[in-house]
1. Please identify the pairs in which a residue from the stretch 191-209 that is not assigned by TED's automatic domain parsing to the domain that holds residue 296 and part of a loop (DSSP other than H, G, I, E, B) has its Cβ atom under 6 Å from the Cβ atom of a residue that is of a type outside the set (Ser, Thr, Tyr) and surrounded by fewer than 18 Cβ atoms within 10 Å (Cβ to Cβ), counting only partners at least 6 apart or on another chain.
2. State the number of residues belonging to the stretch 40-54 that are among the aliphatic types (A, V, I, L, M), over 29 Å from residue 149 (Cβ atoms) and modelled with pLDDT of 95 or more.
3. Could you count how many residues in the stretch 26-50 are surrounded by 18 or more Cβ atoms within 10 Å (Cβ to Cβ), part of a helix (DSSP H, G or I) and not acidic (Asp, Glu)?
4. Got a sec? Which of 93, 63, 59 is under 23 Å from residue 262 (Cβ atoms), surrounded by fewer than 18 Cβ atoms within 10 Å (Cβ to Cβ), assigned by TED's automatic domain parsing to the domain that holds residue 20 and among the acidic types (Asp, Glu)?
5. Looking at this structure, is residue 70 in a strand (DSSP E or B), modelled with pLDDT of 95 or more, buried (at least 17 other Cβ atoms within 10 Å of the Cβ) and assigned by TED's automatic domain parsing to the domain that holds residue 386?
6. Before we move on, is residue 143 out of contact with any strand residue (DSSP E or B) (no Cβ under 6 Å at 6 or more places or on another chain), farther than 22 Å from residue 92 by Cβ, assigned to a helix (DSSP H, G or I) and not small (Gly, Ala, Ser)?
7. Just checking: which of the strands (runs of 3 or more DSSP E) contained wholly in the stretch 219-338 hold 2 or more residues that are surrounded by 22 or more Cβ atoms within 10 Å (Cβ to Cβ) and in contact with a strand residue (DSSP E or B) (Cβ under 7 Å, 6 or more places away or on another chain)?
8. Mind listing whichever residues of the stretch 192-208 are surrounded by fewer than 20 Cβ atoms within 10 Å (Cβ to Cβ) and under 24 Å from the mean Cα position of the chain (by Cα)?
Amino acid sequence: MKILIINHFPLEGSGSGVYTKNLAKELTEIGHKVKVIFPENRMVPPEIFKMRPIMFRGDNSKDYEIDFNFPCFTSHPRSNTTFYQLNKKQMRDYIDIMVRVTNEEADKFKPDIIHAQHLWITPYAAQKTDLPYVATVHGTDLKGFKQDKRYHTYALKGAQNARKVITISKQVDRETKELYHIEDEKRKIVYNGYDTKLFKVKNVSRKEALEKFGINEIPDYIVSFAGKLAYFKGVDILLKAAKIYENQMKEKVMTLIAGNGVLYDELNKLKNFLELKNTFFLGYISDEQLIDLYNIADVSTVPSRSEPFGLVAIEALACGTPVVGTNQGGLPDFINEDIGALVDVEDDIALAEAIINELVRPDKKERKKRAHEYAVNNFSWENTIKEVEKIYKEVIF
């Protein structure tokens, strides 16, 4: 098959970007021809699949097609511009270039099917080609739909003309039905996969890994977080929980927060206000550094107020790190007592208690092994790609 994939984000720095990159790689490796359309604000290295980046104006970009940075639903390490900030002209320019480039690539690449990411502008662009297309709902698009009515006409038209709509969790599936009125037989839940070649248990020196992060002290325990520093990620709740477990534990517990976003300064102020001595903001880190972080952590946290799926939780489990998350969104679909714990949203006391419980458990070695095996058996890209490929064949044939 020839598959044209369209996304609203670069191939790194966002969940759907990582999903798109992995999807394109896996499809190529099993013999399909793939091309990906996505926004960018800098040069990108070559991949094993074809690419058509749409160049937006970034901080250092010189040659660009659109005179503003690529918009997001929340934020991206390389853009804090949101869809909701775009004025009428910018919104029109954005839609026009997505439609134009999609049509051009459909004519040149001649795909059998188009796979649009997000129920937003990409499915609208796909339906303009008259080719069969499917769409994946990632959850942040649902937030966007609720927030800005200007996009409703495009999002609804694109969603309702898709041959199949893939949703990534039970909650996302329910909301897709409610917001877009997509009938049951047209929707299919397919859980995100993770890169098994990258995220795995490794023998990582805690001392060396911390030194790479600029930290020269070695704690007794490490608590990790990875994700955007946005309100819905609940990092403020983690900081309040850190105050509790730093005070309650005799041993030294270090909290490492990887990621960037609009709340970076505000969260640092909260850290200082709470007088947290062993909490460090690492900023945006590479996948290699993230894998080290998961491997040296005793527990990984996902304290989100809303989390459509939670790929970071799967990646942490794959590295043998139990996960404490919140009891909402996609997290209850896969986090259970064997590999972690779920607590109520906004409950810093319950979060702290669950983290402490993970740190002092006597069966940590067995739990680490169980977490890794659970991720491999249930969430490898091999499983995901079989489901997606099956949907493509149903739509085409």
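1. 198/287
2. Step one: filter the stretch 40-54 for residues among the aliphatic types (A, V, I, L, M), giving 43-44, 48, 51, 54.
Imposing the further condition that a residue be over 29 Å from residue 149 (Cβ atoms) reduces the set to 43-44, 48, 51.
Among the residues that remain, those that are also modelled with pLDDT of 95 or more are: 48, 51.
Qualifying residue count for the region: 2.
3. 1
4. Working: 93 fails: under 23 Å from residue 262 (Cβ atoms); 63 fails: under 23 Å from residue 262 (Cβ atoms).
On inspection, the qualifying residue turns out to be 59.
5. The answer is no for residue 70.
6. Yes; evaluated as a whole, the condition is true for this residue.
7. Details: elements: 221-226, 253-258, 279-283, 299-302, 323-326.
Answer list for the stretch 219-338: 221-226, 253-258, 299-302, 323-326.
8. So in the stretch 192-208, the residues surrounded by fewer than 20 Cβ atoms within 10 Å (Cβ to Cβ) come out as 195-198, 200-208.
Once the filter is applied, which keeps residues that are surrounded by fewer than 20 Cβ atoms within 10 Å (Cβ to Cβ) and under 24 Å from the mean Cα position of the chain (by Cα), the stretch 192-208 yields 195, 196, 197, 198, 200, 201, 202.
The values are calculated or read from the model by the stated rules, or taken from the named source; none is laboratory data. Keep in mind that this is a model prediction, so the values were computed, not measured. When we count neighbours, we look across all protein chains shown, and the Cβ atoms used for this are built from the backbone with ideal geometry, even at glycine.
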